[in-house]
Amino acid sequence: MTTNDRLLTVEEAAERLGTGVRFIRRLIAERRIRYVKLGKHVRIADSVLAAYIAERTVGPVRAGYGLVV
């Protein structure tokens with residue numbers, strides 16, 4: 001997280017990932033994603049979402065092992 005990072009609401013984070021709010025809240029509850037707690041409000045840094053996406057991006061299958069590409 002950088003100092004100029006935009007802090008997103010749970011709703012904004014869900015929209016960015018194309019998921020429901022419930023999924024984001026589950027990630028937070030299971031501590032699978034970093035978040036910032038501001039009183040009773042929860043915020044997720046934009047860079048945290050970018051890192052989450054990058055860590056879970058699956059690369060293409062390489063040719064070989066009988067696969068037809």
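The values are calculated or read from the model by the stated rules, or taken from the named source; none is laboratory data. Fair warning: this is a prediction, and the values are worked out from it, not measured in the lab. Positions of Cβ are backbone-derived with ideal geometry, glycine not excepted, and every protein chain shown enters the neighbour counts. Note: accessible area is taken over every heavy atom of the protein model, side chains too, but ligands, DNA and RNA are not part of it. Shrake-Rupley method; radii C 1.70, N 1.55, O 1.52, S 1.80 Å.
Below are the figures for this structure:
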item	result
Residues of the stretch 1-25 that turn out to be open to solvent by 100 Å² or more (accessible area, probe 1.4 Å) and touching a Lys or Arg at 6+ places or on another chain (Cβ under 8 Å), as a count	1
Filtered residues of the stretch 26-44 (kept if on the phi > 0 side of the Ramachandran plot and open to solvent by 90 Å² or more (accessible area, probe 1.4 Å))	R31
Selection within the stretch 1-40 - assigned to a helix (DSSP H, G or I) and touching an Asp or Glu at 6+ places or on another chain (Cβ under 7 Å)	V21
Of all residues making up the stretch 47-69, the number that are open to solvent by less than 50 Å² (accessible area, probe 1.4 Å) and either at pLDDT 95 or above or under 9 Å from the mean Cα position of the chain (by Cα) (or both)	6
